[in-house]
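The values are calculated or read from the model by the stated rules, or taken from the named source; none is laboratory data. Bear in mind that the values here come from a model prediction, so they are computed numbers and not experimental data. Glycine gets a Cβ as well: all are built from the backbone with ideal geometry, and neighbour counts include every protein chain shown. For the accessible areas, the whole protein counts, side chains as well, though only heavy atoms, and no ligand, DNA or RNA atoms are used. Shrake-Rupley method; radii C 1.70, N 1.55, O 1.52, S 1.80 Å.
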Amino acid sequence: MENILKIAAQKLRYLSLTTYYNHYKKQPINPQQVLFLSQSRKELSGNFYYIRQAMKDRFVVKSVLLDDKIPYKELARLMAESHYILLDDFYPAIYPVHLRAQTKLIQVWHAIGAFKTVGYARKNSALTLTHHGYTDAIVSSPDIINDYARAFHMDPRRIHPIGIPRSDIFFDSSYANKIKKELYDHYPQLKDKKIILFAPTFRGNNIYHAYYDDDQIDFRHLQEALGHDYFCIIKMHPFIKHRSLDLDPHFFLDFSSQREINDLLFITDILITDYSSVIFEASLLNIPTIFFAYDLDQYISERDFFYPYSEYTYGPVVKNEEELIEAIKHPIIDREKLERFKKKFVASCDGHASERFVNLLLGGDK
(Lines give C-alpha, C1' and ligand atoms only; values in the text may rest on other atoms or scores of the structure.)
Protein backbone atom coordinates (compact mmCIF):
# COMPACT_ATOMS: atom_id res chain seq x y z
CA MET A 1 0.00 0.00 0.00
CA GLU A 2 2.83 2.39 0.91
CA ASN A 3 4.52 1.84 -2.45
CA ILE A 4 1.27 2.49 -4.30
CA LEU A 5 0.90 5.79 -2.48
CA LYS A 6 4.50 6.77 -3.30
CA ILE A 7 3.95 6.03 -6.98
CA ALA A 8 0.72 8.05 -6.95
CA ALA A 9 2.46 10.99 -5.28
CA GLN A 10 5.29 10.92 -7.83
CA LYS A 11 2.84 10.86 -10.72
CA LEU A 12 0.90 13.75 -9.19
CA ARG A 13 4.08 15.80 -8.68
CA TYR A 14 4.90 15.59 -12.39
CA LEU A 15 1.34 15.63 -13.70
CA SER A 16 1.81 18.85 -15.67
CA LEU A 17 4.96 17.49 -17.31
CA THR A 18 3.11 14.33 -18.30
CA THR A 19 0.20 16.32 -19.67
CA TYR A 20 2.45 18.49 -21.83
CA TYR A 21 4.35 15.42 -23.00
CA ASN A 22 1.19 13.63 -24.07
CA HIS A 23 0.35 16.66 -26.17
CA TYR A 24 3.75 16.97 -27.84
CA LYS A 25 4.22 13.27 -28.52
CA LYS A 26 1.58 13.58 -31.24
CA GLN A 27 4.15 15.53 -33.24
CA PRO A 28 6.84 13.79 -35.35
CA ILE A 29 9.97 12.59 -33.58
CA ASN A 30 13.38 13.75 -34.75
CA PRO A 31 15.36 10.55 -35.46
CA GLN A 32 18.69 12.36 -35.04
CA GLN A 33 17.96 14.28 -31.85
CA VAL A 34 19.75 13.35 -28.62
CA LEU A 35 18.68 14.89 -25.32
CA PHE A 36 21.07 14.86 -22.32
CA LEU A 37 19.29 15.17 -18.97
CA SER A 38 20.92 15.68 -15.56
CA GLN A 39 19.96 17.11 -12.19
CA SER A 40 23.52 16.89 -10.87
CA ARG A 41 25.69 18.26 -13.70
CA LYS A 42 26.04 21.92 -14.67
CA GLU A 43 27.69 21.05 -17.98
CA LEU A 44 28.18 18.09 -20.28
CA SER A 45 30.90 16.41 -18.24
CA GLY A 46 31.70 12.79 -17.38
CA ASN A 47 30.19 10.24 -19.74
CA PHE A 48 28.10 12.95 -21.36
CA TYR A 49 31.20 14.83 -22.50
CA TYR A 50 32.88 11.84 -24.13
CA ILE A 51 29.69 10.64 -25.80
CA ARG A 52 29.10 14.15 -27.13
CA GLN A 53 32.63 14.28 -28.54
CA ALA A 54 32.22 10.91 -30.27
CA MET A 55 28.92 12.06 -31.81
CA LYS A 56 30.75 14.85 -33.66
CA ASP A 57 28.24 16.68 -35.90
CA ARG A 58 26.09 13.72 -36.84
CA PHE A 59 23.24 14.46 -34.40
CA VAL A 60 21.02 17.25 -33.17
CA VAL A 61 22.12 17.74 -29.56
CA LYS A 62 19.95 19.18 -26.78
CA SER A 63 20.52 19.26 -23.04
CA VAL A 64 18.73 20.19 -19.83
CA LEU A 65 21.20 20.34 -16.93
CA LEU A 66 21.26 21.42 -13.30
CA ASP A 67 21.12 25.18 -13.80
CA ASP A 68 18.78 25.12 -16.79
CA LYS A 69 15.55 26.28 -15.20
CA ILE A 70 13.19 25.59 -18.06
CA PRO A 71 9.42 25.15 -17.61
CA TYR A 72 7.89 21.69 -17.81
CA LYS A 73 6.23 22.62 -21.07
CA GLU A 74 9.61 23.11 -22.76
CA LEU A 75 11.11 20.02 -21.12
CA ALA A 76 8.16 17.95 -22.31
CA ARG A 77 8.59 19.20 -25.86
CA LEU A 78 12.29 18.31 -25.90
CA MET A 79 11.55 14.87 -24.48
CA ALA A 80 8.79 14.18 -26.98
CA GLU A 81 10.76 15.15 -30.08
CA SER A 82 14.01 13.38 -29.10
CA HIS A 83 14.73 9.90 -30.41
CA TYR A 84 17.37 9.36 -27.71
CA ILE A 85 17.26 10.53 -24.09
CA LEU A 86 20.44 10.00 -22.08
CA LEU A 87 20.71 9.98 -18.29
CA ASP A 88 23.80 9.35 -16.17
CA ASP A 89 22.14 9.30 -12.76
CA PHE A 90 18.75 9.31 -11.03
CA TYR A 91 16.33 11.67 -12.80
CA PRO A 92 12.95 11.65 -11.01
CA ALA A 93 10.96 13.69 -13.54
CA ILE A 94 11.36 11.12 -16.31
CA TYR A 95 9.96 8.04 -14.57
CA PRO A 96 6.24 8.92 -14.34
CA VAL A 97 6.13 9.77 -18.06
CA HIS A 98 5.01 7.03 -20.44
CA LEU A 99 7.49 7.63 -23.26
CA ARG A 100 6.54 7.01 -26.87
CA ALA A 101 7.60 3.64 -28.30
CA GLN A 102 10.23 5.14 -30.64
CA THR A 103 12.14 6.83 -27.80
CA LYS A 104 15.30 5.24 -26.45
CA LEU A 105 15.81 6.06 -22.76
CA ILE A 106 19.45 5.14 -22.14
CA GLN A 107 21.06 5.06 -18.70
CA VAL A 108 24.80 5.79 -19.04
CA TRP A 109 25.39 5.40 -15.31
CA HIS A 110 28.18 7.67 -14.04
CA ALA A 111 29.96 5.02 -11.96
CA ILE A 112 32.26 2.34 -13.30
CA GLY A 113 31.98 -1.24 -12.03
CA ALA A 114 29.46 -2.61 -9.54
CA PHE A 115 30.27 -1.49 -6.00
CA LYS A 116 27.61 0.09 -3.80
CA THR A 117 24.14 -1.27 -4.48
CA VAL A 118 21.82 1.08 -6.37
CA GLY A 119 18.20 1.13 -7.47
CA TYR A 120 16.26 -2.07 -6.94
CA ALA A 121 19.41 -3.87 -5.77
CA ARG A 122 19.46 -1.86 -2.54
CA LYS A 123 18.28 -3.38 0.71
CA ASN A 124 14.54 -3.25 1.33
CA SER A 125 13.91 -1.76 -2.11
CA ALA A 126 10.45 -2.09 -3.57
CA LEU A 127 9.20 -1.78 -7.14
CA THR A 128 8.42 1.92 -7.60
CA LEU A 129 9.02 4.50 -10.32
CA THR A 130 12.67 4.78 -9.34
CA HIS A 131 15.04 3.81 -12.18
CA HIS A 132 12.07 2.80 -14.25
CA GLY A 133 11.63 2.44 -17.99
CA TYR A 134 15.17 2.35 -19.37
CA THR A 135 15.40 0.79 -22.82
CA ASP A 136 19.18 0.37 -22.58
CA ALA A 137 22.07 0.74 -20.16
CA ILE A 138 25.84 0.31 -20.36
CA VAL A 139 28.33 -1.37 -18.04
CA SER A 140 32.10 -1.73 -17.82
CA SER A 141 32.32 -5.53 -18.00
CA PRO A 142 30.24 -8.55 -19.09
CA ASP A 143 30.53 -10.02 -15.58
CA ILE A 144 28.32 -7.30 -14.04
CA ILE A 145 25.45 -7.32 -16.53
CA ASN A 146 23.12 -9.13 -14.14
CA ASP A 147 23.94 -6.74 -11.29
CA TYR A 148 22.73 -3.75 -13.27
CA ALA A 149 19.80 -5.68 -14.70
CA ARG A 150 18.68 -6.17 -11.09
CA ALA A 151 19.47 -2.57 -10.10
CA PHE A 152 17.46 -1.08 -12.98
CA HIS A 153 14.86 -3.85 -13.22
CA MET A 154 15.82 -4.52 -16.84
CA ASP A 155 16.16 -7.41 -19.24
CA PRO A 156 19.88 -8.36 -19.11
CA ARG A 157 19.89 -8.36 -22.92
CA ARG A 158 19.40 -4.59 -22.80
CA ILE A 159 22.54 -4.10 -20.67
CA HIS A 160 25.49 -3.52 -22.99
CA PRO A 161 29.05 -4.29 -21.77
CA ILE A 162 30.73 -1.79 -24.06
CA GLY A 163 32.78 0.03 -21.43
CA ILE A 164 32.31 3.43 -19.80
CA PRO A 165 32.95 6.42 -22.10
CA ARG A 166 34.77 8.59 -19.58
CA SER A 167 37.30 5.80 -18.97
CA ASP A 168 38.68 6.33 -22.49
CA ILE A 169 41.09 9.01 -21.26
CA PHE A 170 43.04 6.48 -19.19
CA PHE A 171 44.29 4.97 -22.44
CA ASP A 172 45.30 8.29 -24.00
CA SER A 173 48.93 8.98 -23.09
CA SER A 174 49.00 12.40 -24.80
CA TYR A 175 46.00 13.51 -22.75
CA ALA A 176 47.61 12.19 -19.55
CA ASN A 177 50.83 14.11 -20.22
CA LYS A 178 48.89 17.27 -21.01
CA ILE A 179 46.93 17.08 -17.74
CA LYS A 180 50.03 16.38 -15.68
CA LYS A 181 51.77 19.42 -17.12
CA GLU A 182 48.74 21.65 -16.54
CA LEU A 183 48.35 20.54 -12.93
CA TYR A 184 52.04 20.91 -12.08
CA ASP A 185 52.23 24.29 -13.83
CA HIS A 186 49.17 25.57 -12.01
CA TYR A 187 50.10 24.03 -8.65
CA PRO A 188 53.90 24.02 -8.49
CA GLN A 189 53.75 22.97 -4.83
CA LEU A 190 52.83 19.49 -6.07
CA LYS A 191 56.12 18.95 -7.88
CA ASP A 192 58.54 16.38 -6.45
CA LYS A 193 55.98 15.24 -3.87
CA LYS A 194 54.30 11.92 -3.24
CA ILE A 195 50.71 12.84 -4.07
CA ILE A 196 47.98 11.41 -1.86
CA LEU A 197 44.42 11.66 -3.18
CA PHE A 198 41.86 11.45 -0.38
CA ALA A 199 38.53 10.69 -2.08
CA PRO A 200 35.91 9.03 0.13
CA THR A 201 32.25 8.67 -0.71
CA PHE A 202 29.42 10.27 1.25
CA ARG A 203 27.31 8.94 4.10
CA GLY A 204 23.58 9.59 4.36
CA ASN A 205 20.55 8.50 2.38
CA ASN A 206 20.54 11.11 -0.38
CA ILE A 207 21.93 14.35 -1.78
CA TYR A 208 20.15 16.41 0.88
CA HIS A 209 21.62 14.54 3.87
CA ALA A 210 25.08 13.69 2.53
CA TYR A 211 28.03 14.05 4.90
CA TYR A 212 31.44 12.66 5.79
CA ASP A 213 32.70 12.24 9.36
CA ASP A 214 35.79 14.47 9.31
CA ASP A 215 36.46 13.58 12.94
CA GLN A 216 37.82 10.24 11.78
CA ILE A 217 40.99 11.99 10.61
CA ASP A 218 43.02 14.63 12.41
CA PHE A 219 44.38 16.34 9.31
CA ARG A 220 46.93 18.34 11.29
CA HIS A 221 48.29 15.14 12.84
CA LEU A 222 48.32 13.47 9.42
CA GLN A 223 50.48 16.30 8.08
CA GLU A 224 52.89 16.10 11.01
CA ALA A 225 53.21 12.32 10.71
CA LEU A 226 53.96 12.32 6.99
CA GLY A 227 56.23 15.34 6.68
CA HIS A 228 57.42 17.30 3.66
CA ASP A 229 57.73 14.42 1.21
CA TYR A 230 53.98 14.19 0.77
CA PHE A 231 51.15 16.40 -0.47
CA CYS A 232 47.47 15.62 0.01
CA ILE A 233 44.67 16.48 -2.42
CA ILE A 234 41.19 16.24 -0.94
CA LYS A 235 38.30 15.42 -3.24
CA MET A 236 35.04 14.91 -1.37
CA HIS A 237 31.91 13.55 -3.05
CA PRO A 238 29.91 16.23 -4.95
CA PHE A 239 26.90 15.61 -2.67
CA ILE A 240 28.83 16.93 0.36
CA LYS A 241 28.25 20.67 0.38
CA HIS A 242 28.95 22.02 3.87
CA ARG A 243 32.47 21.57 5.22
CA SER A 244 34.79 23.84 7.19
CA LEU A 245 38.25 22.31 7.50
CA ASP A 246 41.25 24.40 8.57
CA LEU A 247 43.92 23.01 6.25
CA ASP A 248 47.52 24.07 5.71
CA PRO A 249 47.83 25.05 2.00
CA HIS A 250 51.47 23.93 2.06
CA PHE A 251 50.30 20.33 2.50
CA PHE A 252 46.66 20.23 1.40
CA LEU A 253 44.63 21.27 -1.62
CA ASP A 254 40.85 20.91 -1.56
CA PHE A 255 39.52 20.08 -5.03
CA SER A 256 36.05 19.14 -3.79
CA SER A 257 34.38 21.88 -5.82
CA GLN A 258 35.42 20.12 -9.02
CA ARG A 259 32.81 17.72 -10.37
CA GLU A 260 35.21 15.24 -11.99
CA ILE A 261 38.01 13.30 -10.35
CA ASN A 262 39.58 11.57 -13.35
CA ASP A 263 42.29 14.14 -14.13
CA LEU A 264 43.59 14.06 -10.56
CA LEU A 265 44.37 10.36 -10.87
CA PHE A 266 47.12 11.05 -13.39
CA ILE A 267 49.29 12.61 -10.67
CA THR A 268 48.16 10.35 -7.81
CA ASP A 269 50.75 8.12 -6.13
CA ILE A 270 48.47 6.82 -3.36
CA LEU A 271 44.67 6.79 -3.29
CA ILE A 272 42.74 6.78 -0.02
CA THR A 273 39.07 5.96 -0.34
CA ASP A 274 36.44 3.72 1.22
CA TYR A 275 33.36 2.74 -0.78
CA SER A 276 33.82 5.07 -3.74
CA SER A 277 33.75 3.79 -7.30
CA VAL A 278 36.99 5.69 -7.92
CA ILE A 279 38.68 2.35 -7.15
CA PHE A 280 37.72 1.19 -10.65
CA GLU A 281 39.37 4.16 -12.35
CA ALA A 282 42.41 3.80 -10.08
CA SER A 283 42.74 0.15 -11.04
CA LEU A 284 43.12 1.11 -14.71
CA LEU A 285 46.21 3.12 -13.72
CA ASN A 286 47.47 0.53 -11.18
CA ILE A 287 47.42 3.10 -8.37
CA PRO A 288 48.18 1.74 -4.86
CA THR A 289 44.92 2.15 -2.96
CA ILE A 290 44.17 2.25 0.77
CA PHE A 291 40.64 1.42 1.88
CA PHE A 292 39.85 3.56 4.94
CA ALA A 293 36.71 1.68 6.02
CA TYR A 294 36.22 2.83 9.60
CA ASP A 295 32.46 2.17 9.50
CA LEU A 296 32.37 -0.93 7.30
CA ASP A 297 29.87 -2.94 9.34
CA GLN A 298 27.45 -0.02 9.58
CA TYR A 299 27.78 0.73 5.88
CA ILE A 300 27.04 -2.89 4.99
CA SER A 301 23.95 -2.91 7.17
CA GLU A 302 22.61 0.33 5.69
CA ARG A 303 23.74 0.25 2.04
CA ASP A 304 25.72 -2.92 1.25
CA PHE A 305 27.63 -3.91 -1.87
CA PHE A 306 26.98 -6.07 -4.90
CA TYR A 307 29.77 -8.41 -3.78
CA PRO A 308 31.60 -9.03 -0.48
CA TYR A 309 33.80 -6.06 0.34
CA SER A 310 36.88 -8.28 0.29
CA GLU A 311 36.46 -8.75 -3.48
CA TYR A 312 37.13 -5.05 -4.04
CA THR A 313 40.13 -4.48 -1.80
CA TYR A 314 43.32 -4.89 -3.83
CA GLY A 315 45.07 -2.78 -1.16
CA PRO A 316 45.11 -2.66 2.65
CA VAL A 317 41.90 -2.09 4.63
CA VAL A 318 42.43 0.21 7.62
CA LYS A 319 40.04 1.24 10.38
CA ASN A 320 41.75 4.14 12.17
CA GLU A 321 44.17 6.98 11.59
CA GLU A 322 47.28 5.23 12.88
CA GLU A 323 46.72 2.28 10.54
CA LEU A 324 46.11 4.76 7.75
CA ILE A 325 49.41 6.58 8.32
CA GLU A 326 51.31 3.29 8.38
CA ALA A 327 49.68 2.20 5.12
CA ILE A 328 50.61 5.52 3.46
CA LYS A 329 54.24 5.17 4.49
CA HIS A 330 54.40 1.61 3.18
CA PRO A 331 52.03 1.47 0.18
CA ILE A 332 51.35 -1.98 -1.24
CA ILE A 333 49.16 -3.38 -3.98
CA ASP A 334 48.13 -7.01 -4.42
CA ARG A 335 48.97 -7.41 -8.12
CA GLU A 336 47.32 -10.80 -8.51
CA LYS A 337 44.12 -9.61 -6.86
CA LEU A 338 44.21 -6.39 -8.88
CA GLU A 339 44.28 -8.34 -12.14
CA ARG A 340 41.30 -10.46 -11.05
CA PHE A 341 39.50 -7.29 -10.04
CA LYS A 342 40.12 -5.65 -13.43
CA LYS A 343 39.02 -8.73 -15.35
CA LYS A 344 35.75 -8.85 -13.43
CA PHE A 345 34.83 -5.16 -13.27
CA VAL A 346 36.55 -3.19 -16.05
CA ALA A 347 37.25 -5.73 -18.80
CA SER A 348 35.44 -3.63 -21.45
CA CYS A 349 37.29 -0.40 -20.71
CA ASP A 350 39.93 -0.17 -23.41
CA GLY A 351 39.86 3.40 -24.70
CA HIS A 352 37.11 2.91 -27.31
CA ALA A 353 33.91 2.92 -25.24
CA SER A 354 32.66 6.29 -26.54
CA GLU A 355 32.97 5.20 -30.14
CA ARG A 356 31.20 1.90 -29.41
CA PHE A 357 28.39 3.74 -27.65
CA VAL A 358 27.66 5.93 -30.66
CA ASN A 359 27.89 3.05 -33.13
CA LEU A 360 25.81 0.58 -31.12
CA LEU A 361 23.26 2.68 -29.27
CA LEU A 362 22.90 5.78 -31.46
CA GLY A 363 23.02 3.99 -34.77
CA GLY A 364 26.41 5.32 -35.85
CA ASP A 365 26.17 7.11 -39.19
CA LYS A 366 22.60 6.05 -39.84
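Within segment 115-146, the set of residues being over 27 Å from L35 (Cβ atoms) and either part of a loop (DSSP other than H, G, I, E, B) or among the acidic types (D, E) (or both) comprises F115, T117, R122, K123, N124, S125, A126, S141, D143. Only one entry in R303, R340, R335 is among the basic types (K, R) and closer than 18 Å to S140 by Cα, namely R340.
Any chance segment 205-213 includes a residue that's under 30 Å from S354 (Cα atoms) and either open to solvent by 20 Å² or more (accessible area, probe 1.4 Å) or touching a strand residue (DSSP E or B) at 6+ places or on another chain (Cβ under 9 Å) (or both)? Yes: segment 205-213 contains one or more residues that are under 30 Å from S354 (Cα atoms) and either open to solvent by 20 Å² or more (accessible area, probe 1.4 Å) or touching a strand residue (DSSP E or B) at 6+ places or on another chain (Cβ under 9 Å) (or both). Taking (1) surrounded by fewer than 19 Cβ atoms within 10 Å (Cβ to Cβ); (2) out of contact with any Gly (no Cβ under 7 Å at 6 or more places or on another chain); (3) over 28 Å from R41 (Cβ atoms) in turn, I333 satisfies each apart from (2). Could you list, in sequence order, all residues of segment 313-348 that are aromatic (F, W, Y) and closer than 28 Å to A225 by Cα? Listed by number, the list holds a single entry, Y314. Scanning segment 327-352 for residues that are among the small types (G, A, S) and in contact with a strand residue (DSSP E or B) (Cβ under 8 Å, 6 or more places away or on another chain) returns a single hit, A327. P188 fulfils the conditions (1) of a type outside the set (G, A, S); (2) touching a helix residue (DSSP H, G or I) at 6+ places or on another chain (Cβ under 9 Å); (3) without any contact (Cβ under 8 Å) to a residue 40 or more places away in the chain except for a single criterion, (2). Working only within segment 270-307, note down all residues that are aliphatic (A, V, I, L, M) and under 19 Å from M236 (Cα atoms). Once the filter is applied, which keeps residues that are aliphatic (A, V, I, L, M) and under 19 Å from M236 (Cα atoms), segment 270-307 yields I270, L271, I272, V278, I279, A282, I287, I290, A293, L296.
Within segment 113-134, restricting attention to residues that are open to solvent by 40 Å² or more (accessible area, probe 1.4 Å) and on the phi < 0 side of the Ramachandran plot, the residue that is modelled with the lowest pLDDT is L127.
I'd like to know if segment 230-242 contains one or more residues that are touching a residue at least 40 places away in the same chain (Cβ under 8 Å), open to solvent by less than 10 Å² (accessible area, probe 1.4 Å) and in contact with a Pro (Cβ under 7 Å, 6 or more places away or on another chain). Checking segment 230-242: not a single residue is touching a residue at least 40 places away in the same chain (Cβ under 8 Å), open to solvent by less than 10 Å² (accessible area, probe 1.4 Å) and in contact with a Pro (Cβ under 7 Å, 6 or more places away or on another chain). Residues that are over 17 Å from the mean Cα position of the chain (by Cα), modelled with pLDDT of 95 or more, aliphatic (A, V, I, L, M) and surrounded by 14 or more Cβ atoms within 10 Å (Cβ to Cβ): does segment 163-178 have at least one? Within segment 163-178, one or more residues are over 17 Å from the mean Cα position of the chain (by Cα), modelled with pLDDT of 95 or more, aliphatic (A, V, I, L, M) and surrounded by 14 or more Cβ atoms within 10 Å (Cβ to Cβ).
Would it be correct to say that S310 is farther than 21 Å from M236 by Cβ and either touching a Phe, Trp or Tyr at 6+ places or on another chain (Cβ under 9 Å) or open to solvent by less than 20 Å² (accessible area, probe 1.4 Å) (or both)? It is false that S310 is farther than 21 Å from M236 by Cβ and either touching a Phe, Trp or Tyr at 6+ places or on another chain (Cβ under 9 Å) or open to solvent by less than 20 Å² (accessible area, probe 1.4 Å) (or both). Quick one: in segment 188-204, of everything that is more than 17 Å from L324 (Cα to Cα), in contact with a strand residue (DSSP E or B) (Cβ under 6 Å, 6 or more places away or on another chain) and in a loop (DSSP other than H, G, I, E, B), which residue is modelled with the lowest pLDDT? Only one residue fits best here, namely G204. Inside segment 256-269, residues that are open to solvent by 10 Å² or more (accessible area, probe 1.4 Å) and out of contact with any Gly (no Cβ under 9 Å at 6 or more places or on another chain) make up a count of 8. Applying the criterion of being acidic (D, E) and modelled with pLDDT of 95 or more to the residues of segment 270-296, the residue that is surrounded by the fewest Cβ atoms within 10 Å (Cβ to Cβ) is D274.
Within segment 204-224, is there a residue that is of a type in the set (V, I, T) and more than 22 Å from the chain's Cα centre (by Cα)? Checked against the condition, which is being of a type in the set (V, I, T) and more than 22 Å from the chain's Cα centre (by Cα), segment 204-224 yields at least one hit.
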